[in-house]
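Remarks on the structure that follows.
The values are calculated or read from the model by the stated rules, or taken from the named source; none is laboratory data. Not measured: the values here are computed from a predicted model. Glycine gets a Cβ as well: all are built from the backbone with ideal geometry, and neighbour counts include every protein chain shown.
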Ligand SMILES: Cc1cc2nc3c(=O)[nH]c(=O)nc-3n(C[C@H](O)[C@H](O)[C@H](O)COP(=O)(O)O)c2cc1C
């Protein structure tokens, strides 16, 4: 069965992102089309990148990089949940993306952002990074507004009714692209062997 990881890209104490990731996971698990799991970057022991060789070479030396490669490699697709920090996405998320390479390739990713303006600038900053990793970002995206989808600026998460159908549209596309890209990965590995 297709396996999708929901990656929570915010690690801050008191983060609003935990409620968002829980909502995505709960909604996704009501579907029968894939297995959905949460990866909380706050629980992944990844220091700032310290590999001597660029990750695209695939020669990871640090045990935590090897562990992260195994984790990332176990999934067919991803949902990234990201806040907007200074018109971009958090450094902890960039570090997690940069750390490995092949394990991201030829897979699909859906985006759930949040911020004062829905976190859309974080997503626009993220898309070229995903592209460099050969991750295919689906177009439907969930953009949650700190003023209307949260109470007390993040203290609690109360998504608007329309956000449920946007999430469904994003997950529908993510699943269809994840299925299609699995074929690409099999074809690529068959050619390589
Ligand atoms: C370092 C930092 C920078 C921020 N920069 C922005 C920003 O550029 N645009 C925005 O809409 N919100 C910004 N915010 C507000 C966040 O959208 C809001 O605090 C949100 O709760 C952050 O997600 P988190 O609670 O999961 O860390 C920023 C917050 C932090 C902590």
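Using the structure shown, decide if residue 60 is in a loop (DSSP other than H, G, I, E, B), out of contact with any strand residue (DSSP E or B) (no Cβ under 8 Å at 6 or more places or on another chain) and crowded, with 18+ Cβ neighbours inside 10 Å. For residue 60, the condition - in a loop (DSSP other than H, G, I, E, B), out of contact with any strand residue (DSSP E or B) (no Cβ under 8 Å at 6 or more places or on another chain) and crowded, with 18+ Cβ neighbours inside 10 Å - is met.
One line per residue, one yes/no per condition, for (1) under 14 Å from the mean Cα position of the chain (by Cα); (2) under 30 Å from residue 158 (Cα atoms); (3) surrounded by 22 or more Cβ atoms within 10 Å (Cβ to Cβ); (4) modelled with pLDDT of 95 or more:
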| site | (1), (2), (3), (4) |
| --- | --- |
| 93 | yes, yes, yes, yes |
| 116 | no, yes, no, yes |
| 122 | yes, yes, yes, yes |
| 136 | yes, yes, no, yes |
| 146 | no, yes, no, yes |
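State whether one or more residues within the range 164-183 are surrounded by fewer than 17 Cβ atoms within 10 Å (Cβ to Cβ), without any contact (Cβ under 8 Å) to a residue 12 or more places away in the chain and touching a strand residue (DSSP E or B) at 6+ places or on another chain (Cβ under 7 Å). No, the range 164-183 contains no residue that is surrounded by fewer than 17 Cβ atoms within 10 Å (Cβ to Cβ), without any contact (Cβ under 8 Å) to a residue 12 or more places away in the chain and touching a strand residue (DSSP E or B) at 6+ places or on another chain (Cβ under 7 Å).
Test residue 104 against the stated conditions and say whether it is under 20 Å from residue 180 (Cα atoms), in contact (Cβ under 8 Å) with a residue 12 or more places away in the chain and surrounded by 19 or more Cβ atoms within 10 Å (Cβ to Cβ). The answer is yes for residue 104.
Across the range 14-53, the qualifying residues are those that are closer than 19 Å to residue 172 by Cα and modelled with pLDDT under 95, and the one among them that is surrounded by the most Cβ atoms within 10 Å (Cβ to Cβ) is 33.
Being away from the ligand (no atom under 11 Å from the Cβ), touching a residue at least 12 places away in the same chain (Cβ under 8 Å), within 23 Å of residue 18 (Cα to Cα) and surrounded by fewer than 17 Cβ atoms within 10 Å (Cβ to Cβ) is the requirement here; does residue 76 meet it? Break it down stepwise before answering.
On the way: away from the ligand (no atom under 11 Å from the Cβ): yes; touching a residue at least 12 places away in the same chain (Cβ under 8 Å): yes; within 23 Å of residue 18 (Cα to Cα): yes; surrounded by fewer than 17 Cβ atoms within 10 Å (Cβ to Cβ): no.
Taking the combined requirement at face value, the residue does not satisfy it.
Total residues in the range 2-43 satisfying the condition of being in a loop (DSSP other than H, G, I, E, B), more than 16 Å from the ligand (Cβ to nearest atom) and within 26 Å of residue 154 (Cα to Cα): the figure is 2.
Residues checked against (1) away from the ligand (no atom under 16 Å from the Cβ); (2) touching a residue at least 40 places away in the same chain (Cβ under 8 Å):
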{"site": "93", "(1), (2)": "no, yes"}
{"site": "97", "(1), (2)": "yes, no"}
{"site": "100", "(1), (2)": "yes, yes"}
{"site": "117", "(1), (2)": "no, no"}
{"site": "121", "(1), (2)": "no, no"}
{"site": "127", "(1), (2)": "yes, no"}
{"site": "141", "(1), (2)": "no, no"}
{"site": "144", "(1), (2)": "no, yes"}
